[in-house]
1. Filtering region 44-64 down to residues that are modelled with pLDDT under 80 and of a type outside the set (Lys, Arg), which residue is least open to solvent (accessible area, probe 1.4 Å)?
2. Going by what's in this entry, would Ile129 be described as assigned to a strand (DSSP E or B) and open to solvent by less than 20 Å² (accessible area, probe 1.4 Å)?
3. Looking at region 138-154, which of its residues are open to solvent by 40 Å² or more (accessible area, probe 1.4 Å) and at pLDDT 85 or above?
4. Which one of Lys114, Lys108 is of a type outside the set (A, V, I, L, M), over 28 Å from Pro166 (Cβ atoms), in contact with a strand residue (DSSP E or B) (Cβ under 8 Å, 6 or more places away or on another chain) and at pLDDT below 75?
5. Which condition number in (1) open to solvent by 50 Å² or more (accessible area, probe 1.4 Å); (2) within 24 Å of Gln50 (Cα to Cα) is the one that Cys79 fails?
6. Restricting to region 115-126, name every residue that is open to solvent by less than 90 Å² (accessible area, probe 1.4 Å) and of a type outside the set (Asp, Glu).
7. So which residues in region 140-175 are under 17 Å from Ser67 (Cα atoms) and in a loop (DSSP other than H, G, I, E, B), if there are any at all?
Amino acid sequence: MGVLPLNPTMKYILTAVCALLLAPALYAQVDVATEEGIVKPDYSRKADAQQIEKAKRAALTFINACSNGYNVDSFMSVCTVPFALDRKEIVSDRAVLRQRFIEMGKEKHGASFKIKKVDISIASIQQEILLNVIPIDVYLFECMFVIKSGKRESTEGAVIAVQMTPEPKIVGISD
């Protein structure tokens with residue numbers, strides 16, 4: 001039993017479909033497995049180290065303000081709208097965003113909690129021009145927290161999006 005011969009049109013279609021399916025993988029920066037373990041892509045080639053550090057400081061300011069008695073006003077100072085909230089909604093009003101944060105804090109951790117430890121690393125840098133007119137310069141950070149609420153400790157993760165402007169601002173968070 002052999003392979004069925006394909007006419008030139010079918011060969012062309014099959015080649016085009018394969019190219020379309022493989023193109024994103026060829027250009028994507030993916031994690032690489034080595035003997036030492038998983039190696040993350042090196043985003044420092046795409047962005048200035050000072051810019052990455054500024055974005056990281058903004059993310060840490062947000063995290064620390066969340067933990068410091070969950071003072072909503074203190075971490076709202078590093079946020080801007082529109083804000084992507086937990087993959088569910090885009091909030092475009094600061095008063096509504098403030099209220100959502102208050103609700104989230106009560107819902108997730110009760111009245112008081114402390115973040116004992118934070119590990120933060122850059123996950124991705126999105127620099128593009130959307131629809132030929134909208135500049136996108138967002139740094140995404142993976143964060144792991146050890147949270148103490150009462151006598152209970154838990155480990156949680158989140159992704160924090162930082163929009164690079166002269167003063168970097170948090171534009172989204174997702175757990």
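The values are calculated or read from the model by the stated rules, or taken from the named source; none is laboratory data. Please read these numbers as outputs of a predicted model, since none were measured by experiment. Backbone-built Cβ (ideal geometry, glycine too); neighbour counts: all protein chains shown. In case anyone asks, the SASA skips ligands and DNA or RNA and just uses the protein heavy atoms, side chains included. Shrake-Rupley method; radii C 1.70, N 1.55, O 1.52, S 1.80 Å.
1. Only one residue tops the list, namely Ala47.
2. Criteria not met by Ile129.
3. Residues satisfying the conditions are Leu140, Glu142, Met144.
4. Only one candidate passes the filter, namely Lys114.
5. (1)
6. Ile115, Val118, Ile120, Ser121, Ile122, Ala123, Ser124, Ile125, Gln126
7. Once the filter is applied, which keeps residues that are under 17 Å from Ser67 (Cα atoms) and in a loop (DSSP other than H, G, I, E, B), region 140-175 yields Gly150, Lys151, Asp175.
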